[in-house]
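Here the structure is laid out as structure tokens; the discussion comes afterwards.
The values are calculated or read from the model by the stated rules, or taken from the named source; none is laboratory data. Computed from a prediction, not measured in an experiment: that's the story for all the values here. Note that each Cβ is placed from the backbone with ideal geometry, even for glycine, and that neighbours are counted across all protein chains shown. Side chains are part of the model used for accessible areas, which takes the heavy atoms of the whole protein and leaves out ligands, DNA and RNA. Shrake-Rupley method; radii C 1.70, N 1.55, O 1.52, S 1.80 Å.
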Amino acid sequence: GAELALRGQAFDNHLSWGATYSFTHAVFKEYTDSVKTASGYEPVSYKDNNVPFIPQHQFSVNGDYSFDLNDKILKSIVLGVNVKGQGKTYWEADNNMYQKFYATLGAHLSLNMDKVVVDFWGRNLTNTTYNTFLVNSQLTKQSFAQRGLPLQVGADVKLHF
């Protein structure tokens, strides 16, 4: 696998940005199991299949732009946006079940006062549907998944003393 991360500032430090990317190629070198068939148990090889629960790709991109103000109360406003994505993730050794690539969008607006910062934010603004985890029960022959969080909005208040 490989990872790359970049970050920087521009425009007299008014723009802060960052980007990350990771690639993982995790496959079984050797893995033989047995599966139940009509005639008994048969060996099955998962050699060269992707290892479950490891995303092949992940990335993020973010940027914040700060607007300085000449106001007695409001010192600056920060607008920010981010995108996070994850590539194909297999859920089982046979590689039959997987989560396709997905990405989520987020944004925020911060109001910076001398001792108080109010940050209004939104996550998964496109309300993307995805699974963060999935298992297939051999006993019940059903799949159980943990869904990713849907669209969220909120506000944070920070006090500086």
- Task: Sort out which residues of segment 1-30 are assigned to a loop (DSSP other than H, G, I, E, B) and closer than 25 Å to ASN50 by Cβ, and write them in order of number.
- Result: GLY1, THR24, HIS25, ALA26, PHE28, LYS29, GLU30
- Query: Only one of (1) in contact with a His (Cβ under 6 Å, 6 or more places away or on another chain); (2) open to solvent by 80 Å² or more (accessible area, probe 1.4 Å) is not met by SER39, so which one is it?
  - Reply: (1)
- Query: Out of segment 102-141, which residues are closer than 17 Å to TRP91 by Cα and part of a strand (DSSP E or B)?
  - Reply: TYR102, ASN131, THR132, PHE133, LEU134, VAL135, ASN136
- Would you confirm whether any residue within segment 39-55 is modelled with pLDDT under 95, out of contact with any strand residue (DSSP E or B) (no Cβ under 7 Å at 6 or more places or on another chain) and small (Gly, Ala, Ser)? yes
- Item | Residue among GLN9, GLN86, GLN56 that is more than 19 Å from ARG123 (Cβ to Cβ) and either basic (Lys, Arg) or surrounded by 14 or more Cβ atoms within 10 Å (Cβ to Cβ) (or both) | GLN56
- Can you name every residue in segment 142-154 that is open to solvent by less than 80 Å² (accessible area, probe 1.4 Å) and assigned to a strand (DSSP E or B)? SER143, ALA145, GLN152, GLY154
